[in-house]
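Peer 1: Questions regarding the structure given below will be posed in turn.
What follows is calculated from the coordinates using simple rules that are stated; it is not laboratory data. These numbers come from a predicted model, not from an experiment. For neighbour counting, all protein chains shown are included, and Cβ atoms are generated from backbone atoms with ideal geometry for every residue, glycine included.
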Amino acid sequence: MHIRNETTGDAPAIGRLVTEAMLLLPQATGTEAGIVAALRAAGALSLSLVAEQEGEEDGAPIGYLAASPARIGAQDGWGLIGPLVVAPARHRSGIGTALMTEALRRLRASSRGAALVGDPRYYGRFGFRAFPGLTVAGCPPEVVLALPFDGLAPRGELFHHPAFGLKQPRS
């Protein structure tokens, strides 16, 4: 497996992969591929990582991770991870772990921390956890997770790009 940055021709395959992978999740809204496309169009993808199987002729992505700039409360400099997807036929083969490990390595060089909305049982192994007072409107607090690189607990609303389509208070 090889992890690389998205290239110009990857967008259609990424959209298909995101849609296919998200169909398996009960919390999926069906808008995830559109969110990635909107982030891309706005120049708001700080990371757009593609996992591909080396040696496969079609070069189709088998995993994908997006990250975009975010802030928590008044603190700028956070990386919001999402979506992270793996082709359903490739689940439990280490692709998601490899993508997350690479994303965190890259974000550490440019961000104060990483945040996401997701399953704490899965993301906890990377160091993500819920923090008192860390919120996203309409989300249960136990799934709003962060990994501060400086060790300081984040507190406040997690503000993300408008492409996510969530209502947020004005900053």
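Peer 1: Rounded to the nearest 10 degrees, what's the angle between the helix 11-22 long axis and the longest principal axis of the chain, both from Cα atoms, 0 to 90?
Peer 2: 70 degrees
Peer 1: Averaged over every viewing direction, what's the projected area of the C-alpha convex hull for region 1-53? Give it in nm², one decimal, please.
Peer 2: Reported value for the Cα convex hull: 4.0 nm².
Peer 1: With the cut-off at 19 Å, report for region 10-160 the share of all Cα pairs above it, as a whole percent.
Peer 2: 52 percent
Peer 1: Follow-up question, since we're still on this one. Going highest first, how would you order 65-73, 42-50 by mean Cβ packing within 10 Å?
Peer 2: Packing proxy ranking, top to bottom: 65-73, 42-50.
Peer 1: Here's another thing I want to ask about it. Ala89 to Thr31: extension gain in nm, 0.36 nm per residue of separation minus the Cα-Cα distance?
Peer 2: 18.7 nm
Peer 1: Right, another one. What residues qualify as long-range amide H neighbours of Gly82, i.e. H under 5 Å apart, gap of 5 or more or another chain, H built at 1.01 Å from N?
Peer 2: The list, which skips near neighbours in sequence, is Ala66, Ala67, Ser68.
Peer 1: So how tilted is helix 32-41 from the main axis of the chain? Cα-based, degrees 0 to 90, rounded to 10.
Peer 2: 80 degrees
Peer 1: I've got another one for you. Quick one: length gained pulling Ala109 to Val143 fully straight, 0.36 nm per residue minus the C-alpha distance?
Peer 2: Between Ala109 and Val143, full extension yields 9.7 nm more.
Peer 1: Still on this structure: What is the distance, in nm, between label points placed 7 Å from the Cα along the Cα-to-Cβ direction at Leu23 and at Ala11?
Peer 2: 2.3 nm
Peer 1: Let me ask something additional. Counting alpha carbon pairs within less than 8 Å and at least 6 residues apart, what relative contact order, in whole percent, applies to the chain?
Peer 2: So the answer I get is 20 percent.
Peer 1: Under a Cβ-Cβ cut-off of 11 Å, what is the net charge of the residues other than Gly77 that fall near it, where Lys and Arg count +1 and Asp and Glu count -1?
Peer 2: 0
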